[in-house]
Number of protein chains: 4
Amino acid sequence: MTSDSALIPIVITAVGPDNVRLVDPIIHYVTGQGANIAEVQMYDHDEEALFAMLLRIALPASQLTEIRHALAEIGKLKKLAVRVWSPEERRARPRLAICVTNRPETPLALLRGIRDGQIKAEPAVMIGNRPALRGLAEQFGVPWEMIGDSEGRADDERMIAVLDQYNVDYVILARYMRILPPASCWKYAGGRIINLHHGLLPSFPGPRPYHDAYASRMLTYGATCHFIVPELDAGNQIINQTTFTIPPGMKLDEIIRIGQEDNEPRCLAEGVRRVVDGEVQLHFHRVVARR
Amino acid sequence: MTSDSALIPIVITAVGPDNVRLVDPIIHYVTGQGANIAEVQMYDHDEEALFAMLLRIALPASQLTEIRHALAEIGKLKKLAVRVWSPEERRARPRLAICVTNRPETPLALLRGIRDGQIKAEPAVMIGNRPALRGLAEQFGVPWEMIGDSEGRADDERMIAVLDQYNVDYVILARYMRILPPASCWKYAGGRIINLHHGLLPSFPGPRPYHDAYASRMLTYGATCHFIVPELDAGNQIINQTTFTIPPGMKLDEIIRIGQEDNEPRCLAEGVRRVVDGEVQLHFHRVVARR
Amino acid sequence: MTSDSALIPIVITAVGPDNVRLVDPIIHYVTGQGANIAEVQMYDHDEEALFAMLLRIALPASQLTEIRHALAEIGKLKKLAVRVWSPEERRARPRLAICVTNRPETPLALLRGIRDGQIKAEPAVMIGNRPALRGLAEQFGVPWEMIGDSEGRADDERMIAVLDQYNVDYVILARYMRILPPASCWKYAGGRIINLHHGLLPSFPGPRPYHDAYASRMLTYGATCHFIVPELDAGNQIINQTTFTIPPGMKLDEIIRIGQEDNEPRCLAEGVRRVVDGEVQLHFHRVVARR
Amino acid sequence: MTSDSALIPIVITAVGPDNVRLVDPIIHYVTGQGANIAEVQMYDHDEEALFAMLLRIALPASQLTEIRHALAEIGKLKKLAVRVWSPEERRARPRLAICVTNRPETPLALLRGIRDGQIKAEPAVMIGNRPALRGLAEQFGVPWEMIGDSEGRADDERMIAVLDQYNVDYVILARYMRILPPASCWKYAGGRIINLHHGLLPSFPGPRPYHDAYASRMLTYGATCHFIVPELDAGNQIINQTTFTIPPGMKLDEIIRIGQEDNEPRCLAEGVRRVVDGEVQLHFHRVVARR
């Protein structure tokens, strides 16, 4: 619990079609409220007419509702997608969206970690672009939302609508095999999207890291849990990495089995725990340990 | 010439030891003046306690002197290094600093281009970390400033002081063989530092691009003129590229000779001309052609 | 014309399921004939039971027929795919296979270059994995062989059979959009397969080099003509590179148009001419200019 | 112990100034002895007039002395550097050269592993390009040979002479901070040179892997023990990899300490054990597990 007058960090994201309408009304408003600006990032996707801004400020907790209301008004007026979020609001038990495709191991590890109290979070919703894991959601009593068509193509706008609707704090990509478009990354920017890559970054960044590493006859395999930061490749955004080493001669099937059943779930569950427990946070483009 | 009431672009850079003192007073001031914020970038170098900001705004030309004065005051008060610059101020004849080490070909191309009217700029100062090209400066009647010690190590703070003293608009690194530290890049951020790399980026980015390309038996060699953008590798910041192709079997010496005597000078002179004539500009992290 | 007793270079390639049966009988035979071994390379594709060897020797021209006959016998006996080839045999007018998919510009440049006498070669056959360019083959009176199924998948064994049937000296991949499997590369190893990559290697090696380079806002675009060497990425195998530079702001469509219609044809036609005229050759893994 | 008539693998390396004199006499001789050729590799360093060959054959153990003698004669006659080696000759207790610079941890791990019987090998000689670890050699009663000048530059020819003189089977680079020239790599080719890289290849291949990984805020660090194969970067040649993962926020000093004192010694000692115990071997360019 935070006392009303203590300063809390607030993350504001805005996405819109040009930069002037995007930045000015929001900056005017928050500086008018006496906010200190701790971080500001802007980006344009010129040819697509997509401008985005991230603003990190500090304000008394008591002002959160008011600022959220005011910025929603500004958003409506200026046709901006504005979001106001504070990691403190549901610090004790943040709400997670677990996004999945076909593989059950990593979402299962999260759901068990939550059930058993190691991950102190609320499994707000499971989102799939494939129907395969609906049963897993039902088994754990978590709402299931399907956002994929018959070929697994994701409706990215619907995903954002679902995240908003369920009041999600953190979006966990648990072997979710689709790439989020820049607009989605910006809307939930500020250290709210957490991905599991099933390889040991920065090596083997592609979609088939086990196969690529095996083709190079690697003896170490691993997984990487990282924040997704718009416009940047993962690198400085690593939250957790776990590895396993194999003896020469082990077959690819066996390596993948160890990776998927043992290493990846362990990597993601511990990574999400670090975020939920507030041990790490995104500071500008880097993960830092919280004091 | 710009009429006093027309909006002109203004670039404000600030470098300081923490982010709150850095951003807030400047943003407060410029938004208080009614400025539209066209771009804002921030960066931290955490372990070094170096925060930096770039702000691009539009204001009537008549306010430039006032805003420069006011921000100088804020800088003094908050112990920030603040700079206010507009590409419009000396649009007709911007002032160049030509930074050099040992090779005379590219600075010579600039000085001749200026003399002959192809590059409509003022050669405000030549800056060297080695004494080799002092004679060239004298020959063209350009002030010479030495910033290197006996082993060629550059005094980066002195370089900035020289740039400020000579009221420099653009800093041209004409085979200047030292790397500018982040603080220098930020202080002259916003498309004011122009580098010549003697290889064809993105290939062969190292310090010996001719040798590296030759070791791979390349048949095309080239040079790249680009803006230096803090924190980013050159890529989207390319202003000009020129190439030459060779027949199989040409020796490295001959390749280097063609590159240094013919290709590099041509590449840099045309790149600087494009900037000086306002044909290109840096828009966020990318070079765009001006309409 | 080569006198019968002069030594000529002979390239022997062999592909088979294990290494002992592959190497020994061939080496025994050729050393028994008094051949000097100028180069020998071996490779295994362990898990696929594919072993391959390249042997470069020198023997009197008069022995070529005999050695070809003897090694064919050994191949039959040991179940090896053995090929014996000399660049001298049809030096005056080597036979080309022009392999294509959809784009007509580069094969057209070759056919015109041959017709007009700039490329002193015989267009032995055009091979397509798509039917699009059959008309071009007919227009120039070149035999057309279709090796693709209805989705453009190539029958790689049939391609080799066609190359053998038409007595092909050099295989030209003229925007042929399929990757040759290692077995095919080995069977025509020794500097006989020439590819056009529509980007400036080593940058942008992927299948969409124009798009990739454009996404990085490059101002230089190019094409690379290179030998395909089994197991190696192109690099030291470059035969020709040509480039064009563009002003900032040029649209992708226009860039692709210049590249495809002007730059690529020029690059490939000159590259093939260099090979046909014997100006370059593959020496171990590198292209060298012939004295 | 191998019975005299059983076939044993024999590795022949030869280095000389041209390719004809290099290959032919050796191939003629060994095929004349009835040897099966299991592998043959050749390479040229054109501009340096350095040709090299590796030949792997199988012959009865009883012929080893004879073939060594005969090839030494050929070498003398043709001015070639020829070496004949079999991993079987001292299979029970191969002789190691431990090459070092300044860091004591990895050589110490080897010397202890040998003393305690985990590594069944003979520490034939310690070779240093710096004098720092002479005391360590004396402590374990191992002959010490200094090959560096006052600035640590290594006399590579002297290193080879020392290896020959001490009848070394395997050369272990235990944080030896010099690069072996191609001629040295070829002379001891065939899986006899084992390096410890203090990073997790293929990431961070440079000379300062801890610093590079730290700059990217990695949470996994590691070491790689691999065969050095002439002309190739390590990749498929990995013998052992070990890693450790750290919590966010750990300082670089502490990471390096863990890496150097714990992880590197463990990685190298186990890697050398695998080679000495014959669990792995180099097959063409790849490490394979021995059946």
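The values are calculated or read from the model by the stated rules, or taken from the named source; none is laboratory data. Computed from a prediction, not measured in an experiment: that's the story for all the values here. In this analysis, Cβ positions are derived from the backbone assuming ideal geometry, glycine residues included, and neighbour counts consider all displayed protein chains.
Couple of notes before you dig in:
- Verdict on residue D:209 being at the interface with chain A (Cβ under 9 Å from one of its Cβ atoms) and of a type outside the set (D, E, K, R): no
- Residue B:84 being β-branched (Val, Ile, Thr), farther than 30 Å from residue B:136 by Cβ and within 18 Å of the chain's Cα centre (by Cα): yes
- The residues of region D:56-78 that are in contact with a helix residue (DSSP H, G or I) (Cβ under 8 Å, 6 or more places away or on another chain) and among the basic types (Lys, Arg) amount to a single one, D:78.
- Conditions (1) within 14 Å of chain D (Cβ to nearest Cβ); (2) at pLDDT below 95; number of the one not met by residue A:231: (1)
- Note on region A:271-291: residues that are charged (D, E, K, R) and out of contact with any helix residue (DSSP H, G or I) (no Cβ under 9 Å at 6 or more places or on another chain) total 4.
- Of residues in region D:260-279 being at the interface with chain A (Cβ under 10 Å from one of its Cβ atoms), within 28 Å of residue D:208 (Cβ to Cβ) and out of contact with any Leu (no Cβ under 9 Å at 6 or more places or on another chain), the one surrounded by the fewest Cβ atoms within 10 Å (Cβ to Cβ): D:270
- Residue that is surrounded by the fewest Cβ atoms within 10 Å (Cβ to Cβ) [pool: residues in region A:47-74 that are charged (D, E, K, R) and within 25 Å of the chain's Cα centre (by Cα)]: A:48
- Filter pass, residue C:81 being closer than 30 Å to residue C:5 by Cβ and either crowded, with 21+ Cβ neighbours inside 10 Å or of a type in the set (Gly, Ala, Ser) (or both): no
- The set of residues in region C:108-122 being over 20 Å from residue C:260 (Cα atoms) and surrounded by fewer than 22 Cβ atoms within 10 Å (Cβ to Cβ) consists of C:115, C:116, C:117, C:118, C:120, C:122.
- Failed item, numbered, when residue B:190 is tested on (1) within 13 Å of chain C (Cβ to nearest Cβ); (2) in contact with a Phe, Trp or Tyr (Cβ under 9 Å, 6 or more places away or on another chain): (1)
- Check on residue C:255, without any contact (Cβ under 8 Å) to a residue 40 or more places away in the chain, over 28 Å from residue C:182 (Cα atoms) and either touching a Leu at 6+ places or on another chain (Cβ under 7 Å) or of a type in the set (Val, Ile, Thr) (or both): no
- In the set (1) at pLDDT below 80; (2) out of contact with any helix residue (DSSP H, G or I) (no Cβ under 6 Å at 6 or more places or on another chain); (3) farther than 22 Å from residue C:53 by Cα, residue D:22 fails one condition alone, (3).
- For the condition within 14 Å of another protein chain (Cβ to nearest Cβ), farther than 24 Å from residue C:108 by Cα and under 14 Å from the mean Cα position of the chain (by Cα), residue C:202 does not qualify.
- Matching residues in region A:123-139 - criterion: being in contact (Cβ under 8 Å) with a residue 12 or more places away in the chain and buried (at least 17 other Cβ atoms within 10 Å of the Cβ): A:123, A:124, A:125, A:126, A:127, A:128, A:129, A:130, A:133, A:136
- A residue that is under 30 Å from residue A:139 (Cα atoms), touching a strand residue (DSSP E or B) at 6+ places or on another chain (Cβ under 7 Å) and of a type in the set (Gly, Ala, Ser) cannot be found anywhere in region A:54-68.
- Search result, residues across region C:258-282 that are free of Cβ contacts under 8 Å to residues at least 60 places away in the same chain and of a type outside the set (S, T, N, Q): C:258, C:262, C:270, C:274, C:279, C:280
- Of everything listed in (1) surrounded by 17 or more Cβ atoms within 10 Å (Cβ to Cβ); (2) under 17 Å from the mean Cα position of the chain (by Cα); (3) more than 30 Å from residue A:152 (Cβ to Cβ), the single unmet condition for residue A:93 is (1).
- The set of residues in region A:142-176 that are under 24 Å from residue A:114 (Cβ atoms), surrounded by fewer than 19 Cβ atoms within 10 Å (Cβ to Cβ) and of a type in the set (D, E, K, R) contains only A:164.
- Filtered residues of region A:134-147 (kept if in contact with a Pro (Cβ under 8 Å, 6 or more places away or on another chain) and either more than 14 Å from residue A:178 (Cβ to Cβ) or modelled with pLDDT under 95 (or both)): A:136, A:137, A:140, A:142
- Leading residue by the ranking (surrounded by the most Cβ atoms within 10 Å (Cβ to Cβ)) among those in region D:281-291 that are of a type in the set (A, V, I, L, M, F, W, C) and in contact with a Phe, Trp or Tyr (Cβ under 9 Å, 6 or more places away or on another chain): D:287
- Residues of region C:192-230 that are at positive phi and buried (at least 22 other Cβ atoms within 10 Å of the Cβ): C:204 alone.
Results for (1) of a type outside the set (S, T, N, Q); (2) within 12 Å of chain A (Cβ to nearest Cβ); (3) over 12 Å from the mean Cα position of the chain (by Cα), shown as yes or no for each residue.
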residue: D:145; (1), (2), (3): yes, no, yes
residue: D:155; (1), (2), (3): yes, no, yes
residue: D:183; (1), (2), (3): yes, no, yes
residue: D:194; (1), (2), (3): yes, no, no
residue: D:237; (1), (2), (3): no, yes, no
residue: D:244; (1), (2), (3): yes, yes, yes
residue: D:254; (1), (2), (3): yes, no, yes
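- Condition met for residue B:10 (of a type outside the set (Gly, Ala, Ser) and in a helix (DSSP H, G or I)): no
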